[in-house]
1. Can you tell me which residues in segment 337-366 are without any contact (Cβ under 8 Å) to a residue 24 or more places away in the chain and within 21 Å of residue 452 (Cβ to Cβ)?
2. Taking residue 246, is it at pLDDT 80 or above, within 18 Å of residue 398 (Cα to Cα), surrounded by fewer than 17 Cβ atoms within 10 Å (Cβ to Cβ) and more than 21 Å from the chain's Cα centre (by Cα)?
3. Exactly one condition in (1) on the phi > 0 side of the Ramachandran plot; (2) within 21 Å of the chain's Cα centre (by Cα) is not met by residue 220; state its number.
4. Only one of 108, 195, 153 is modelled with pLDDT under 90 and not in a loop (DSSP other than H, G, I, E, B); which?
5. Does residue 445 fit the bill of being assigned by TED's automatic domain parsing to the domain that holds residue 326, assigned to a helix (DSSP H, G or I), surrounded by fewer than 20 Cβ atoms within 10 Å (Cβ to Cβ) and at pLDDT 85 or above?
6. Are any residues in segment 345-362 over 19 Å from residue 157 (Cβ atoms) and crowded, with 22+ Cβ neighbours inside 10 Å, and if so, which ones?
7. Would you call residue 78 more than 30 Å from residue 296 (Cα to Cα), surrounded by 24 or more Cβ atoms within 10 Å (Cβ to Cβ) and touching a residue at least 60 places away in the same chain (Cβ under 8 Å)?
8. Given the condition surrounded by 24 or more Cβ atoms within 10 Å (Cβ to Cβ), assigned to a helix (DSSP H, G or I) and touching a helix residue (DSSP H, G or I) at 6+ places or on another chain (Cβ under 9 Å), answer yes or no: does some residue in segment 254-262 qualify?
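The values are calculated or read from the model by the stated rules, or taken from the named source; none is laboratory data. Predicted model, so just to flag it, every value in this text is computed and none were measured. Neighbour counts run over all protein chains shown; Cβ positions are idealised from the backbone, glycine included.
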């Protein structure tokens, strides 16, 4: 079991700031490139059908390697893996910013994703090492950490717009460099010096099969709208994904030092909380993506105003996670907060589906997006905390890797499927506001169905106590 030497009490909250900053950056890197894509396409020569891989290269590497990152954190120590992750992210950011061709750009994005896959599970393990012995402080720490994720996603859109419009697109990557250097300088004095666990073999074959399986599944769904859902390529890659994941499960069941101890899913609520995280990501990320497109391509917002329009949603999410979620959890319990949050998210998405080509931000976007943001803030914290606290202390990194994988894979698959839904309903007809609105509306309805399904599944499977105190 990992031993820890926490920093002085007065520095724990500074350590939380570093951890929350890490989560902010990891999620921001998934969204900051959105507004910059057209200029990157022109400068680097991306074909239209391949431009989405600037986003997908990061998400696939991130989601596919998170389990390995969690295992490495448990074996070698969370602080060490956290620092190594920042070095890798820094290198990937430099490569992506300096890229002069498509191949180098995608390699940089994948390297950024690999660094984030080391950072994210180690960061959550460090948080539990700092605050896990004090339940009330742990709830507050998780709220601050949780608020950093959606804040990073929305801030990425805003900063991407500012940087692209007033500086140049490579700086959406270079912005990571000084932040990485600052965090690396702060780590020794703020992070608990947990030693490595007992010697353990790293299951590299398991890491390869699970990463390959997840990457193949995301690739198949992302490419399906282009090549066809009934195409041989789509089904061939999906079958390959299933085979690889089946091999992975077999290896974990029989291995002496598996990457994922399958028995961890017998921990009360762990599987249920991770399912909720998958569906939460699959509903939330498409909402954010298509809302930004509606603002720019239908309402005519430019990069900077479009990012600014999402700031009220970010502010409410942070307020909700830090102030409201702990109070709701204390009154209604983890299960009540999760189910209620997913219901509110679904309601906000249904409201957004009533957008129209001649709509306005104040009437058609702001109130519905705030309702959805409130739902997100209430559902995220209890499922995150439940998924991690259900595991053994020595498997904190693994549990962190699993829950991060759940959210990221859910986000990637949800966005891919809703992109196909939007395209089938007119979102592929650029320059036609009516058709675009129909497509985006269909995507909001699809995301609402996912959120509603998450609420029903959480209501049926979560078995949380009523109070977190």
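1. Once the filter is applied, which keeps residues that are without any contact (Cβ under 8 Å) to a residue 24 or more places away in the chain and within 21 Å of residue 452 (Cβ to Cβ), segment 337-366 yields only 351.
2. Numbers: at pLDDT 80 or above: yes; within 18 Å of residue 398 (Cα to Cα): no; surrounded by fewer than 17 Cβ atoms within 10 Å (Cβ to Cβ): yes; more than 21 Å from the chain's Cα centre (by Cα): yes.
When the stated conditions are applied, residue 246 does not pass them.
3. (1)
4. On the way: 108 fails: modelled with pLDDT under 90; 195 fails: not in a loop (DSSP other than H, G, I, E, B).
None of the other options fit; the residue is 153.
5. yes
6. The answer is 346, and nothing else.
7. Working: more than 30 Å from residue 296 (Cα to Cα): yes; surrounded by 24 or more Cβ atoms within 10 Å (Cβ to Cβ): yes; touching a residue at least 60 places away in the same chain (Cβ under 8 Å): yes.
It is true that residue 78 is more than 30 Å from residue 296 (Cα to Cα), surrounded by 24 or more Cβ atoms within 10 Å (Cβ to Cβ) and touching a residue at least 60 places away in the same chain (Cβ under 8 Å).
8. No, segment 254-262 contains no residue that is surrounded by 24 or more Cβ atoms within 10 Å (Cβ to Cβ), assigned to a helix (DSSP H, G or I) and touching a helix residue (DSSP H, G or I) at 6+ places or on another chain (Cβ under 9 Å).
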